[in-house]
Amino acid sequence: MGCYVLDFEEIDQTQAAAVGGKGALLGELSRIEGICVPAGFCVTTDAFRRILVEAPSIDDSLARLARLNPEDREAIRVFSAEARRAFEGIAIPEDLASAITLPLARLGEQAAYAVRSSATAEDMPTASFAGQYDTYLNAVGPAAILQHVRQCWASLFTERAVSYRLQNGFDHRKVLMAVVVQQMVFPHAAGVLFTADPVTSNRKVTTVEAGFGLGEALVSGLVNADVYKVRHGVLVAKALATKRLAIHASPAGGTEERAIESERQEQPVLTDAQVVRLARLGRRIEAHFGRPQDIEWCLVGDRFQIVQSRPITTLFPIPAACDRENHVYVSVGHQQMMTDAMKPLGLSFWQLTTPRPMSEAGGRLFVDVTQELASPASRRLEALGRSDPLIGDALQTIRERGDFIRSLPDADTAAPGAAPGGGPRDPGGAPGGGPPAPIETDPTIVTELIGRNQASIARLKRDIRTKSGSALLDFILADIQELKRILFDPRSFQVFTAAMEATWWLNEQLQMWLGETNAADTLTQSVPHNVTSEMGLALLDLADVIRPHPNVVAFLEQVEDEGFLDELPALAGGREARDAIQAYLDKYGMRCAGEIDITRPRWSERPTTLVPMILGNINNFEPGAGERRFAQGRHEAWKKEQELLERLRALPDGERKAEEVKRKIDRVRTFIGYREYPKYGMVSRYFVYKQALLEEAERLVQADVLGEKEDIFYLTVQELHDVVRTQRVDEQLIRRRKDEFRSYEALTPPRVLTSDGEVIAGAYRRDGLPAGVLVGLPVSAGTVEGRARVILDVAQADLEAGDILVTAYTDPSWTPLFVAVKGLVTEVGGLMTHGAVVAREYGLPAVVGVEHATQLIRDGQRIRVHGTDGYVEILP
């Protein structure tokens, strides 16, 4: 026989398996000195398990729920309702009913109680089920308590709770339901307290929301709350609401709404002193649990009673600092077009690759720009703001506020070798110590740089084959130095810097001389040596090989297994198709979405990712489209060049202006394509490292050191080195890292974050735009109208010619989709990020950095993209 009931005094936070998340936290709360918690008890999960055993029909319902697709809302609705009905119809066995009602004799059989659901996967640090399960207030008498306990059990299968578990990978059978039964209090006021500001995430600001009567009026959204903010024990802000309703206990049981007298509607719910006292209680609770809390409170007389506290799971973590000084961090992911969470091995490799120290938080990397921000003369932040105006504006906001970073004497104190956003910068000179020779327009520089990179990768592939064990890790660490030498080669940096500066010069001068906006966008179409844009056109050529073979096309339409390439030769035309796909993978198969994370699956590892794009190209284009697309872009650029030069020559001093513009155009067209190559070389090396490390991981699996090869993704490079050397692994560490990664995946990283946890949101400050438009950064000129296709996973893309791609961010793996669309909108991006560069080369109007674009634009809506002026219209 199980233990069916535990009093709060018998419970602490280690007992969530027995009493659920809410019950465990309430038991722990009651142990904190100075915190008043209404008395009560928990009906444990043993009682729930007994009901499951004695009701076989419920087991059938759980089996059906487990097979549901998370996207099948209708099936979820039907089968969750079936599971609820099964629970609600259960007769609670007499001995179990007696155990549940026995504590009422001590607490008061005719007293009023709150009966609350408390699931075992609730109120955890990594997931929040808040609001998904049922609560019943003012239950009086044993019969009402038992009825509400049954209803709380059934609420485990509300439609929203079932959907949440399916989407987040929680097993229905492993989430059990306990029930909290707690004495009701009848407060003058109630509300919630957040020990971190829910709007800005600032951990130093406590936010209190308060209303008259029970807190259910606030939770249900029936009334607006008074909102108070406390910082360092001082009330710093107060906003009073008009409060027309309150919820109170009903004499007949349950609750009822009551109107508030007109003279009280504008009165503050709490005095300033009460707010400060409540904030102190919140900080005491936060200190006990060790993380920011969402706390429900009631005011009875002049005494605060705490009825619930749960961790706030939506806050983005703060990078760790070794001092107590204020710091400002800029997201690396927003510069690298990879805002997803990265696994520890991916984070570790990226940190080893870049010369500037980085901080880690929430599975993302950040650069500390405090020193640059404190220097009024910092040119590097100006460049960062030019690339991403939202970051630039956020940093300017902090600087202008003057209350967080102290200004230093003029000095540009950024570490050499890295931009604030984490990308490469000029290391400051040639290897011999002097500055590199000036660059004009010499195409052999690019071919030599590419040739040296390719030769270096060929040596890596040859030499790494002979390495294993600790020697393999030593070899990779040594080769990363070669990778850094190539990435931060002064001449390489000069090439694309010269192209970017010439691009900016052209836009500024042609605007001034001719009134021409963003002229360089057209001038950079179809440039040579852009490995990323060539990759998209090459997929069009691949479609040309497959298109004449209908059996191959039909086969590809049904492909699900990654081994499909081995099956192709059995079909007519299949050998040619297989060879063409393999050749494409040999050149580009190291790419994938989020490719700066070495742990992400590459196209060579999951070639099915390419199949929808190949089929889309077969359906949407005629043979020869790749060659025609490139030729057309080159012609458009040439035509624009001739037009501009002719107009310039007609101006005063026109020949000189035309000659200078021609020189800049040649420089841009010669060098801008190389902008994409260093990253291509880096990702190529990463894939060689990854293949060798996975072979080593397989040896560790065979030796029973690892459970599966992919476990190495949850270790840093140094930790993996130790595992290979010692043949021992900390399995608990890997399990914890996996749990952490799952929680990080649900978080949205901020562009700019302070050491107080405050998220600083920048804004575009441009006048003259139409009302109601979505504002972003113009990166590729032109205006286009079409159907929006909102796509978050490149492997799920279903595009037709003429669609406008709307997504969170685009790294090079998205480029093959660009050939099928006529416009681009992203939430993240800058003037020289990959999506912007390729959009200009393909002549696609593009606006990037549009906050929440994938939420504000619905899939299938008609939109108009203004790539010259930087905004998007949603059309009727």
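Report yes if some residue within segment 273-288 is open to solvent by 10 Å² or more (accessible area, probe 1.4 Å), in a loop (DSSP other than H, G, I, E, B) and in contact (Cβ under 8 Å) with a residue 40 or more places away in the chain; otherwise report no.
no
Can you pull out every residue in segment 447-485 that is in a helix (DSSP H, G or I) and small (Gly, Ala, Ser)?
Within segment 447-485, 451, 455, 456, 458, 469, 470, 471, 478 meet the criteria.
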task = Restrict the check to segment 171-179 and report whether at least one residue is part of a loop (DSSP other than H, G, I, E, B) and under 30 Å from residue 404 (Cα atoms).
result = no
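Go through segment 800-826 and give me each residue that's more than 24 Å from residue 680 (Cβ to Cβ), in contact (Cβ under 8 Å) with a residue 40 or more places away in the chain and surrounded by fewer than 24 Cβ atoms within 10 Å (Cβ to Cβ). Give the steps one after another, and end with the answer.
If we filter segment 800-826 for residues that are more than 24 Å from residue 680 (Cβ to Cβ), which is where we start, we get 800-804, 806, 822-823, 825.
Imposing the further condition that a residue be in contact (Cβ under 8 Å) with a residue 40 or more places away in the chain reduces the set to 800-801, 804, 806, 823, 825.
Of everything in segment 800-826, those that are more than 24 Å from residue 680 (Cβ to Cβ), in contact (Cβ under 8 Å) with a residue 40 or more places away in the chain and surrounded by fewer than 24 Cβ atoms within 10 Å (Cβ to Cβ) turn out to be 800, 801.
Considering only segment 200-215, state which residues are touching a residue at least 24 places away in the same chain (Cβ under 8 Å) and either surrounded by fewer than 20 Cβ atoms within 10 Å (Cβ to Cβ) or under 30 Å from the mean Cα position of the chain (by Cα) (or both).
To start, the set of residues in segment 200-215 that are touching a residue at least 24 places away in the same chain (Cβ under 8 Å) comprises 200-206, 208, 210-215.
Correct list: 200, 201, 202, 203, 204, 205, 206, 208.
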query = Do the conditions hold for residue 705, that is, is it more than 13 Å from residue 344 (Cβ to Cβ), among the β-branched types (Val, Ile, Thr) and assigned to a helix (DSSP H, G or I)?
reply = no
request  = Just one of (1) part of a helix (DSSP H, G or I); (2) under 30 Å from residue 554 (Cβ atoms); (3) open to solvent by 50 Å² or more (accessible area, probe 1.4 Å) trips up residue 611, so point out which.
outcome  = (3)
task = State whether the residues of segment 668-680 include one that is touching a Pro at 6+ places or on another chain (Cβ under 8 Å), acidic (Asp, Glu) and assigned to a helix (DSSP H, G or I).
result = yes
inquiry  = For segment 23-44, check the following and say yes or no: at least one residue is in contact with a strand residue (DSSP E or B) (Cβ under 8 Å, 6 or more places away or on another chain), of a type in the set (Lys, Arg) and within 30 Å of residue 299 (Cβ to Cβ).
reply    = no
query = Name the residues in segment 831-859 that are under 18 Å from the mean Cα position of the chain (by Cα), within 24 Å of residue 332 (Cβ to Cβ) and surrounded by fewer than 24 Cβ atoms within 10 Å (Cβ to Cβ), would you?
reply = 851, 852, 853, 854, 855
ask   = Residues of segment 373-409 being of a type in the set (Asp, Glu), open to solvent by 10 Å² or more (accessible area, probe 1.4 Å) and in contact with a Lys or Arg (Cβ under 8 Å, 6 or more places away or on another chain), which ones?
value = 393
query = All but one of (1) assigned to a helix (DSSP H, G or I); (2) of a type outside the set (Val, Ile, Thr); (3) within 38 Å of the chain's Cα centre (by Cα) hold for residue 644; which doesn't?
reply = (3)
request  = May I ask you to list pairs of residues, at least six apart or on different chains, whose Cβ atoms are under 8 Å apart, with the first in segment 77-104 being within 14 Å of residue 150 (Cα to Cα) and the second being in a helix (DSSP H, G or I) and of a type in the set (Ser, Thr, Tyr)?
outcome  = 83/61; 84/155; 86/57; 86/61
inquiry  = Would you confirm whether or not segment 469-480 contains a residue that is closer than 30 Å to residue 655 by Cβ, surrounded by 22 or more Cβ atoms within 10 Å (Cβ to Cβ) and in contact (Cβ under 8 Å) with a residue 12 or more places away in the chain?
reply    = no
ask   = Pairs, please: C-beta under 7 Å, at least 6 apart or cross-chain, first residue charged (D, E, K, R) and in segment 489-500, second surrounded by 19 or more Cβ atoms within 10 Å (Cβ to Cβ)?
value = 491/445; 491/449
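Quick check: anything in segment 648-660 closer than 19 Å to residue 841 by Cα, hydrophobic (A, V, I, L, M, F, W, C) and surrounded by 14 or more Cβ atoms within 10 Å (Cβ to Cβ)? Please lay out each step first, then the result.
Keep residues of segment 648-660 that are closer than 19 Å to residue 841 by Cα, which gives none.
No, there is no match, as no residue in segment 648-660 is closer than 19 Å to residue 841 by Cα, hydrophobic (A, V, I, L, M, F, W, C) and surrounded by 14 or more Cβ atoms within 10 Å (Cβ to Cβ).
Give 725, 663, 669 a once-over and let me know the one that is in contact (Cβ under 8 Å) with a residue 60 or more places away in the chain, of a type in the set (Lys, Arg), on the phi < 0 side of the Ramachandran plot and buried (at least 17 other Cβ atoms within 10 Å of the Cβ). Show your work before the answer.
Details: 725 fails: buried (at least 17 other Cβ atoms within 10 Å of the Cβ); 663 fails: buried (at least 17 other Cβ atoms within 10 Å of the Cβ).
Only one candidate qualifies: 669.
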message = Scan segment 635-650 and tell me whether some residue there is of a type in the set (Asp, Glu) and touching a residue at least 40 places away in the same chain (Cβ under 8 Å).
response = yes
inquiry  = Give me the residue from segment 298-322 that is in contact with a Pro (Cβ under 6 Å, 6 or more places away or on another chain) and of a type in the set (Val, Ile, Thr) and, out of that set, farthest from residue 367 (Cα to Cα).
reply    = 300
message = Any residue that is acidic (Asp, Glu), over 19 Å from residue 540 (Cβ atoms) and either in contact with a Lys or Arg (Cβ under 6 Å, 6 or more places away or on another chain) or open to solvent by 70 Å² or more (accessible area, probe 1.4 Å) (or both) - is there at least one of those in segment 565-572?
response = yes
task = Filter segment 514-525 for residues that are crowded, with 19+ Cβ neighbours inside 10 Å and not β-branched (Val, Ile, Thr) and give the result.
result = 516, 518, 519, 520, 521, 523, 525
note = Contact list, first residue from segment 361-378 and over 30 Å from residue 714 (Cα atoms), second anywhere and among the polar types (S, T, N, Q) and crowded, with 23+ Cβ neighbours inside 10 Å, beta-carbon distance below 9 Å, six or more apart or interchain, is 371/378; 372/378
query = Among all residue pairs at least 6 apart or on different chains, which show Cβ distances below 6 Å where the first residue, located in segment 836-847, is in contact (Cβ under 8 Å) with a residue 12 or more places away in the chain and the second is in a helix (DSSP H, G or I) and of a type in the set (Ser, Thr, Tyr)?
reply = 838/532; 838/533; 838/815; 841/533
Condition broken by residue 525, with the remaining ones in (1) assigned to a helix (DSSP H, G or I); (2) within 34 Å of the chain's Cα centre (by Cα) satisfied = (1)
key: Residue satisfying all of: in segment 222-257; surrounded by fewer than 16 Cβ atoms within 10 Å (Cβ to Cβ) and among the hydroxyl-bearing types (Ser, Thr, Tyr); farthest from residue 193 (Cα to Cα) among these   = 250
ask   = Within segment 337-372, can you find the residues that are at pLDDT below 95, in a helix (DSSP H, G or I) and either buried (at least 24 other Cβ atoms within 10 Å of the Cβ) or among the hydroxyl-bearing types (Ser, Thr, Tyr) (or both)?
value = 370, 372
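Given the options 716, 754, name the one that is among the polar types (S, T, N, Q), within 26 Å of the chain's Cα centre (by Cα) and either open to solvent by less than 10 Å² (accessible area, probe 1.4 Å) or modelled with pLDDT under 95 (or both). Working first, answer last.
Working: 716 fails: either open to solvent by less than 10 Å² (accessible area, probe 1.4 Å) or modelled with pLDDT under 95 (or both).
None of the others qualify; the one that does is 754.
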Out of 77, 50, sole residue that is open to solvent by 30 Å² or more (accessible area, probe 1.4 Å), in a helix (DSSP H, G or I) and modelled with pLDDT under 90 = 77
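The values are calculated or read from the model by the stated rules, or taken from the named source; none is laboratory data. Bear in mind the structure is a predicted one, so any value in this text is a computation, not a measurement. FYI the Cβ positions are ideal-geometry reconstructions off the backbone, even for glycines, and counts take in every protein chain you see. Side chains are part of the model used for accessible areas, which takes the heavy atoms of the whole protein and leaves out ligands, DNA and RNA. Shrake-Rupley method; radii C 1.70, N 1.55, O 1.52, S 1.80 Å.
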